[in-house]
1. List every residue whose amide H lies under 5 Å from the amide H of Asn87, counting only residues 5 or more places away in sequence or on a different chain, with H placed 1.01 Å from N in the peptide plane.
2. If segment 296-357 were replaced by its equivalent ellipsoid, with semi-axes equal to the square roots of 5 times the Cα gyration tensor eigenvalues, what would those be, largest first, whole Å?
3. So what does log10 I(q)/I(0) come out to for segment 326-419 at q = 0.11, 0.13, 0.19 Å⁻¹, using the Debye formula with one equal point on every Cα and no solvent?
4. Got the relative contact order for segment 90-190 handy, in percent, Cα pairs under 8 Å and 6 or more residues apart?
5. For segment 454-506, what is the accessible area per residue in Å² when the probe is 1.4 Å?
6. How high is the relative contact order of segment 133-281? Use alpha-carbon pairs under 8 Å, at least six apart in sequence, and give a whole percent.
7. I need the peptides 334-340, 282-288, 500-506 ranked by packing, meaning the mean over residues of other C-beta atoms within 10 angstrom, with the highest value on top.
8. Which residue, Ile125, Asn88, Pro72, has the largest displacement toward the positive end of the dipole of segment 57-175 when charges sit on each Cβ (Lys, Arg +1; Asp, Glu -1)?
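The values are calculated or read from the model by the stated rules, or taken from the named source; none is laboratory data. Since the structure is predicted, the reported quantities are computational estimates derived from the model, not experimental observations. Cβ atoms come from the backbone with ideal geometry, glycine included; neighbour counts cover every protein chain shown. Accessible surface areas use protein heavy atoms only, side chains included; no ligands, DNA or RNA. Shrake-Rupley method; radii C 1.70, N 1.55, O 1.52, S 1.80 Å.
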Amino acid sequence: MQTFQVNLQKSRIRTAVSLLAGLLLAILILTGSAEAQTKSFYWERFDVEITLLENGDMVIEETQVLNFSGEPFTFGYGTILTGSVGNNDDIFDIQLREGDLVYQESSSNTPGTFEVSKSRDEVRIDWYFEPAVGQQTYTFSYVVQGGVIVGTPDEGSGDQIFWKAIPSDHPGRIQNSTVTIRLPEGVEPQRYLDDGTYLIEGLAAGDSNLVETRASEDGRIITYTLLEPLLPGQAFEVRVQFPHGILDIPTPDWQARQQNADVYGLIGIVISVLILVGGPLGVLALWYVRGRDPETGLIVPDYLPEPPSNLRPAVVGTLVDEKADMRDIISTLVDLAQRGYLSISENKAKNHVFTLVDESKGGLRPYETQFLKSFFGRKKERKLSELRYKFASKLPRLRKMLYEELIAEGLVDRSPDKVRNRYGLWAGLMVFIGMIAFFIPVIALPEDAAFVGCCASIALGITALFVGVVGRHMPTKTAKGAEEKTKWDAFKKYLQNIEEYEELAQAGDLFEKYLPYATAFGLDRSWIRKFSAAPYTPVPRWYYPYGYGRSIYHGSGGTGGNSGGGSTTPSLPTLDSAADGMAGGLESMSAGLTRMLNSTASTMRSVRSTSSTGGRSSGSFSGGFSGGSSGGGGNRGFG
């Protein structure tokens, strides 16, 4: 039995070892297979010959000697940049051969064929061959039209070939390369004035030290030899400049477009600077001429202790800052209450109730009549809560009527709001034109010209900003309006610093009297606070906070020592006496009045939210070449 168990264990061990050995063998096979499947290549040589024709065309022949390893390769491809990107007008007459085998142009993708496709900025050649490994040689040629950069008759200028013989976008190492340029009979490169050497240059990865450059005795044949392997991402560029006019070479279309773009660019820069500097200065000059109030020569005291005219508070507030805003509307409410047209009380729920006391509406200005109509409607009593989301739609008409009141009083010639809107419209129009001027150059013009166009649009946008800001200060007043403003500014200073000019304890009657004006000037909070600290300041006749009954306003009965009884004498409550029965005392009284004004303003301008609750939201040759960038480029590869 024990022998059987030992044998069984040995059998299991042998089985496990066999499985492990099989697994390792499979891994080795798969690894070897994967290694066998890898593909790689490099260029043993990549030679380029460039022959310049009398008409300026260049015949280029590339001879590529490659070494394929791993899985066989079946196709190759190359692209050549054209237009302004590649500094040439066109690539044509493309031919390809492999030794004695001349490839045919076809879209069949079969071995021995090649296909040419053109786009706006490049020409692509795809060629197909029998599965290949080891050393292979492919030669293809093409003609470049408009590849010579044409110079001018100016000293130091000249025509030049500046060509990217091998583009930087090549996926493999290039071990050796020679580029040859052949010039027509009678043409030789220009020379440097300082040492007399030819104006020729070769660059590998941007470094001329990596290229040996030589010229034949007559200068017609220039060779550029690579001294080190060219790695992926590195380009091989060649350059030669010869006198302008020796060959009748027309200016290429791409160069003419670029020159025009330079001219337009200069014009654009000048226009941009004019707009950027002249625009804001012009706007400021416009404000100086048309946006300032007339000089009246009126001399007004430092302050005025009483209203200088019978203008109503809302009209004064609109005149001073040239805006019919919410505090002017609220000052109308307080003014009408102070004049006895309505009263305001506060109920237990801290909701304010407004009661129409005088329905005659006699002596009211049109905007005041409209205010009462919009506020009460057909009711005589209105709770503040009833106006929520309902009164805001009435505000534009009231504001318009206040501006009309300024015109009717001869204080302004044009509605300040319309003046601001007109300049805001001009600013918006300029922004719209600026946006068009920004996007059209980006889409339709070369990069440099597009940049200048964008600069002009930005300058226009800055000017539009000035128009929008300065336009808010363009409303002007008439001579009468300017005089009235000066006077009312003095009265505003009086209200603002009332404690410096009056003994508040002896001037309690001014609290209610000038509260509407303080509200229109935006001084209501400080006005209430200052007088709440002064004793004997009467509570406004029209305001009844919660906890303060109306009976105290009418006085209280007294009992005398005579049998004839007593008498009743009217008595006005004061802020401190009226606060005696309130939990918060005097501070609560003044805070309640301030709260009433704030909550009324907030309710009257409230609108319903429309947001959704769901969803998700050279002078000489010694200066070097006469400019330009290399043409050609693109990429090469195999698969």
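1. Residues meeting the criterion, in which the H sits 1.01 Å from N, are Gly632.
2. On the way: eigenvalues 198, 35, 21 Å².
Listed largest to smallest, the semi-axes of segment 296-357 are 31, 13, 10 Å.
3. -0.35, -0.48, -0.95
4. 22
5. Values: 2430 Å² over 53 residues.
For segment 454-506, the solvent-accessible area averages 46 Å² per residue.
6. Working: 228 pairs, mean separation 44.8, N = 149.
The normalised contact order for segment 133-281 reaches 30 percent.
7. On the way: 334-340: 20.0, 282-288: 15.3, 500-506: 11.9.
For the peptides 334-340, 282-288, 500-506, the packing ranking is 334-340, 282-288, 500-506.
8. Checking the options against the dipole of segment 57-175, the answer is Pro72.
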